[in-house]
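Asker: Below are the structure tokens for one structure; questions will follow.
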Amino acid sequence: MPANKKLLFLPGDGIGPEVMRQVRRVIDWMDRKRKVTFDVTEGLVGGAAIDAHGTPLTDATLADALAVDAVMLGAVGGPKWDNPTDYMKRPEAGLLRLRKELGLFANLRPATVFDALVDASTLKPEIIKGLDIMIVRELTGGVYFGEPRGIEELPNGERRGVNTQVYTTSEIRRVASVAFELARKRSNKVHSMEKANVMESGLLWRQEVTKLHQEQYSDVTLEHMYADNGAMQLLKNPKQFDVIVTDNLFGDILSDEAAMMTGSLGMLPSASLGAADANGNRKALYEPVHGSAPDIAGKDLANPCATLLSFAMALRYSFNLDDDAKMLEKAVQNVLGGGMRTADIMAPGMARCSTTVMGDSILRELDKLSS
Ligand code: IPM
Ligand code: MG
């Protein structure tokens, strides 16, 4: 048989393993009911890898990640590994290394409000009902990876901490083009955010995005915004946005803001994509936006929806299975519409359920939708 669709599972820490288990169940379901088969291998990342191997990502696991079509990641981190004496021995370092080595420069973070959850937000329902924003965050450059970096001793006994914000033309153009392409399939509008009023790297960002827009994407509406104003506008009138493209650090912050506005972090997926090869295939990693939630780990309380929706993104972006992606998304929506709620999104009058029961309900819904 020809090599199948290859997936690497990296469940990681905290609630990672239990939410990823629900993806396994959907994969088994697809195998049985849809005759779509995945070859799934599994590895360790984050604290789990530190415990087993003394490093948050071994070279062997990295090699596995480079060899598959897509990586599904649960979550990394937890108080057990918080001791920040050695940066490279933190769980987060495993994730950052994966991003860098796989060249996952485009991080897609949708902030969508499900109709059934409109009251979960701290914002007024009329502000966020129907919200559907896609944040495209640059993920392998900027201050996260710029050199020089470090902490140094000064002759006067002080210490100096240094990180470098740096972007090149090609780094800006490739992530901006992902944003423009996505916008074309959505509402055809891109907001680019930086601090061109303060930072040269921001000025270059604005110039390059403008140039690319004129050259290739003039059919898309482009607006520039300073990132601080963007943070404000997101709260004031989030529905003015369709696609937002921004750098690594601003994207980290703005995507958390946008995620929280939806009121349900447990619902939000993400995709991190590399450049397309000659066959149009991209390296890719999919993960829920929520973290490892160590306080509820192992208790069957976590919301598996964000991870299942991340798998839906994998079906769409890595495996060209748009119908299956839509079906899974619809199944999640219908189950919420029917009143099922894990603890994090519980509301009066709804039916509170465990991780496993949420998984059961989504599988049942998939049965219905596919029959
Ligand atoms: C994220 C996280 C990571 C980041 C951490 C865990 C390194 O906050 O994915 O947004 O800062 O990128
Ligand atoms: Mg973050």
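Every read-out reported here was derived from the displayed coordinates using simple, explicitly stated rules and does not represent laboratory data. Quantities reported herein were computed from a predicted structural model and do not represent experimental measurements. Every residue, glycine as well, gets a Cβ built from its backbone with ideal geometry; the counts of neighbours run over all protein chains shown.
Asker: So if I restrict to the alpha-carbon atoms in region 118-216, what is the Rg, and what is Dmax, the biggest pairwise distance, in Å?
Answerer: Gyration radius and largest Cα-Cα distance of region 118-216: 18.5, 58 Å.
Asker: Apply the Karplus parameterisation 6.51 cos²θ - 1.76 cosθ + 1.60, with θ equal to phi minus 60°, to every residue of region 207-220 and state each ³J(HN,Hα) to the nearest whole Hz, in sequence, with x for glycine and proline.
Answerer: 3J(HN,Hα) across region 207-220, in whole Hz: 5, 5, 5, 4, 5, 4, 4, 5, 6, 10, 10, 5, 6, 8.
Asker: At q = 0.10 Å⁻¹, work out log10 I(q)/I(0) for region 42-158 with the Debye formula, treating every Cα as an identical point scatterer and leaving solvent out; two decimals please.
Answerer: Debye output, listed in q order: -0.48.
Asker: Can you give the convex hull volume per residue for the Cα atoms of region 326-371, as a whole number of Å³? Numbers along the way, then the final one.
Answerer: Working: hull volume 2.8 nm³, N = 46.
That works out to 60 Å³ per residue.
Asker: Over the Cα atoms of region 265-349, how large are the radius of gyration and the largest Cα-Cα distance (Dmax), in Å?
Answerer: 14.9, 52
Asker: Roughly how compact is region 221-285, stated as its Cα Rg over 2.2 N^0.38 Å to two decimals? Don't skip to the end; give the middle numbers.
Answerer: On the way: Rg = 14.2 Å, N = 65, 2.2 N^0.38 = 10.7 Å.
Normalised Rg, Cα atoms only: 1.32.
Asker: In addition: If you project the alpha carbons of region 306-353 onto their three principal axes, what span does each projection cover, largest first, in Å?
Answerer: Reported extents, whole Å, longest axis first: 39, 16, 11.
Asker: DSSP loop (so not H, G, I, E, B), at most 13 other Cβ within 10 Å: list which trypsin sites (Lys or Arg not before Pro) in region 1-110 pass both filters.
Answerer: Of the trypsin sites (Lys or Arg not before Pro), the ones in loops of region 1-110 whose Cβ has at most 13 other Cβ atoms within 10 Å are LYS35.
Asker: Same structure, new question: Take CYS305, CYS353 and order them by how many other Cβ atoms sit within 10 Å, fewest up front. Let's see the in-between values first.
Answerer: Numbers: CYS305 31, CYS353 21.
Least crowded to most crowded, the residues run CYS353, CYS305.
Asker: Please list, by residue number, every one of the chymotrypsin sites (Phe, Trp or Tyr not before Pro) in region 53-133 that is coil in DSSP and has at most 15 other beta-carbon atoms within 10 Å.
Answerer: Details: sites: TRP81, TYR87, PHE105, PHE114; in loops: PHE105, PHE114.
Passing both the DSSP loop test and the Cβ count: no residue.
Asker: Mind listing the phi-derived Karplus ³J(HN,Hα) values for region 60-69, rounded to whole Hz, using 6.51, -1.76 and 1.60 with θ = phi - 60°, and x for any glycine or proline?
Answerer: 5, 5, 4, 4, 4, 5, 6, 8, 9, 7
Asker: Quick check: convex hull of the Cα atoms in region 1-50, volume per residue, rounded to a whole Å³?
Answerer: Working: hull volume 2.9 nm³, N = 50.
It comes to 57 Å³ per residue, whole-number rounded.
Asker: Could you run the Karplus curve 6.51 cos²θ - 1.76 cosθ + 1.60 with θ = phi - 60° over region 27-36 and give me ³J(HN,Hα) per residue in whole Hz, x for Gly and Pro?
Answerer: Ordered by residue, 3J(HN,Hα) equals 5, 4, 4, 5, 4, 5, 9, 10, 6, 10 Hz.
Asker: Return the whole-Å distance between the Cα centroid of region 307-351 and the Cα centroid of region 71-96.
Answerer: Cα centroid of region 307-351 versus Cα centroid of region 71-96: 27 Å apart.
Asker: Checking the cross-link filter: which aspartates and glutamates have an alpha carbon closer than 15 Å to that of LYS6, excluding same-chain neighbours under 8 positions apart?
Answerer: ASP28, ASP31, ASP39, GLU42, ASP64, ASP69
Asker: A further question on this structure: Please report, largest first and rounded to whole Å, the three semi-axes of the ellipsoid equivalent to region 185-247, where each semi-axis is the square root of five times an eigenvalue of the C-alpha gyration tensor. Walk me through the numbers before you get to the answer.
Answerer: Details: eigenvalues 65, 64, 8 Å².
For region 185-247, the semi-axes come out at 18, 18, 6 Å.
Asker: How large is the Kirkwood hydrodynamic radius of the chain, in angstrom, based on all distinct alpha carbon pairs?
Answerer: Working: mean 1/r = 0.0468 Å⁻¹.
By the Kirkwood definition, the hydrodynamic radius is 21.4 Å.
Asker: Under the √(5λ) rule applied to the eigenvalues of the Cα gyration tensor, what semi-axes describe the equivalent ellipsoid of region 77-139? Give them in Å, descending. Don't skip to the end; give the middle numbers.
Answerer: Details: eigenvalues 226, 64, 12 Å².
For region 77-139, the semi-axes come out at 34, 18, 8 Å.
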